[in-house]
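**Q** Below are the structure tokens for one structure; questions will follow.
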Amino acid sequence: MIKRVFPFLVLLPILSGCYLPARFDAEIEMSRTGFYSLEFQGYMAEIGLYRAIKEKKLTAEEQAKKVEVLERDFTRDTSVKEFSYFGNGHFKVHYLKKGDITRTGMVTFVRRNEKILSISASKKTGIITIRGKYLKKNDKERLIAMGLWMEGEVRVKTDAKVISHNATSVKDGEGKNEKVYTWIIQNPYSPSPKLELYLR
């Protein structure tokens, strides 16, 4: 369960219509049998709306209509526990999804074409891969130019056999054979999280 909220702007191309996490804490639990929990809590910016407000291209009525459409679109996913408008193109979001990765094959937050965090299973190799979205250098520069920033924390807790990772730190967890892999994102140029593991 998430206990803290961190400022965090991360991991999506800066394109109109894309969501950009802001002020968030994320945690993934992955058991060696394939059961997972993916939780996100914090604030999301919708880039198109943020940009339009910043450039003063929307009236208050137009902004309200766009917020209504975005809320309706986002909350179609039953894993979204909270989605409320905070202002300036930002939304408060709580997302929690649980399941069996051996059955679903892939799970993504926000969606398949906007992967902020993803878990995928390869039938060919048997490897489970957990990723944060890779951000290209020019997108990082555009992010900073827009006045947005990136810093925060992602954690992966697992008792499975990890074969590779680029975590900032690793420590023992509470469960038997459990390890906690943590990524501290200090700025847009910090490495994108990635971890690979075998189940059982």
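**Q** Would it be correct to say that Lys92 is of a type in the set (D, E, K, R), over 20 Å from Ala45 (Cβ atoms) and not in a loop (DSSP other than H, G, I, E, B)? First the steps, then the outcome.
**A** Numbers: of a type in the set (D, E, K, R): yes; over 20 Å from Ala45 (Cβ atoms): no; not in a loop (DSSP other than H, G, I, E, B): yes.
In short, no.
**Q** In addition: Which one is nearest to Ala26 (Cα to Cα), of the residues in region 101-116 that are surrounded by 14 or more Cβ atoms within 10 Å (Cβ to Cβ) and more than 14 Å from the chain's Cα centre (by Cα)?
**A** Out of the qualifying residues, it is Ile101.
**Q** Search region 79-100 for residues being touching a Ser or Thr at 6+ places or on another chain (Cβ under 6 Å) and touching a residue at least 60 places away in the same chain (Cβ under 8 Å), and hand back the single one that is surrounded by the most Cβ atoms within 10 Å (Cβ to Cβ).
**A** Filtering region 79-100 for residues that are touching a Ser or Thr at 6+ places or on another chain (Cβ under 6 Å) and touching a residue at least 60 places away in the same chain (Cβ under 8 Å), the one surrounded by the most Cβ atoms within 10 Å (Cβ to Cβ) comes out as Lys97.
**Q** Does Leu143 satisfy the condition of being in contact with a Ser or Thr (Cβ under 7 Å, 6 or more places away or on another chain) and surrounded by 16 or more Cβ atoms within 10 Å (Cβ to Cβ)? Explain how you work it out, then say what you get.
**A** Details: in contact with a Ser or Thr (Cβ under 7 Å, 6 or more places away or on another chain): no; surrounded by 16 or more Cβ atoms within 10 Å (Cβ to Cβ): yes.
Spelling it out, it is not the case that Leu143 is in contact with a Ser or Thr (Cβ under 7 Å, 6 or more places away or on another chain) and surrounded by 16 or more Cβ atoms within 10 Å (Cβ to Cβ).
**Q** Identify all residues within region 122-163 that are among the hydroxyl-bearing types (Ser, Thr, Tyr) and over 20 Å from the mean Cα position of the chain (by Cα); write none if there are none.
**A** Passing the criteria: Ser122, Thr125.
**Q** Separate question: Just to check your reading of the model, which residue among Ala60, Ala64 is of a type in the set (A, V, I, L, M), more than 20 Å from the chain's Cα centre (by Cα) and at pLDDT 95 or above?
**A** Exactly one of Ala60, Ala64 is of a type in the set (A, V, I, L, M), more than 20 Å from the chain's Cα centre (by Cα) and at pLDDT 95 or above, namely Ala64.
**Q** Still on this model: Identify, from the list Val162, Val180, the residue that is free of Cβ contacts under 8 Å to residues at least 40 places away in the same chain, touching a Gly at 6+ places or on another chain (Cβ under 8 Å) and either outside any helix (DSSP H, G or I) or surrounded by 13 or more Cβ atoms within 10 Å (Cβ to Cβ) (or both).
**A** The match here is Val180.
**Q** Here is a follow-up. Quick one: in region 8-22, which of the residues that are modelled with pLDDT under 50 and buried (at least 16 other Cβ atoms within 10 Å of the Cβ) is farthest from Gly99 (Cα to Cα)? Don't jump to the end; show me each part of the working.
**A** Here is the first cut: in region 8-22, the residues modelled with pLDDT under 50 are 8-17.
From what's left, buried (at least 16 other Cβ atoms within 10 Å of the Cβ): 8-14.
Working: Phe8: 26, Leu9: 27, Val10: 25, Leu11: 24, Leu12: 25, Pro13: 28, Ile14: 30 Å.
Of everything passing the filter in region 8-22, Ile14 is farthest from Gly99 (Cα to Cα).
**Q** For region 163-181, which positions are in contact with a Lys or Arg (Cβ under 7 Å, 6 or more places away or on another chain) and among the hydrophobic types (A, V, I, L, M, F, W, C)?
**A** If the condition is that a residue be in contact with a Lys or Arg (Cβ under 7 Å, 6 or more places away or on another chain) and among the hydrophobic types (A, V, I, L, M, F, W, C), then Val170, Val180 are the ones that fit.
**Q** Out of (1) farther than 28 Å from Ile127 by Cα; (2) charged (D, E, K, R); (3) at pLDDT 95 or above, the odd one out for Arg51 is which?
**A** Here Arg51 meets the rest and fails (3).
**Q** Follow-up. Please count how many residues of region 117-138 are surrounded by fewer than 17 Cβ atoms within 10 Å (Cβ to Cβ) and touching a residue at least 40 places away in the same chain (Cβ under 8 Å).
**A** Within region 117-138, residues that are surrounded by fewer than 17 Cβ atoms within 10 Å (Cβ to Cβ) and touching a residue at least 40 places away in the same chain (Cβ under 8 Å) number 5.
**Q** I need the full set of residues from region 183-200 which are in contact (Cβ under 8 Å) with a residue 40 or more places away in the chain and either of a type in the set (Gly, Ala, Ser) or assigned to a strand (DSSP E or B) (or both), in order please. I'd like the intermediate steps shown before the answer.
**A** If we filter region 183-200 for residues that are in contact (Cβ under 8 Å) with a residue 40 or more places away in the chain, which is where we start, we get 183, 185, 188-190, 192-200.
Within region 183-200, Trp183, Ile185, Ser190, Ser192, Lys194, Leu195, Glu196, Leu197, Tyr198 qualify.
**Q** Just to verify a result, which residue in region 23-78, among those that are touching a helix residue (DSSP H, G or I) at 6+ places or on another chain (Cβ under 7 Å) and assigned to a loop (DSSP other than H, G, I, E, B), is surrounded by the most Cβ atoms within 10 Å (Cβ to Cβ)?
**A** That would be Gly34.
The values are calculated or read from the model by the stated rules, or taken from the named source; none is laboratory data. Note that the structure is a prediction, hence the values are computed from the model and not measured. Cβ sites come from the backbone with ideal geometry, for glycine too, and all protein chains shown count toward neighbours.
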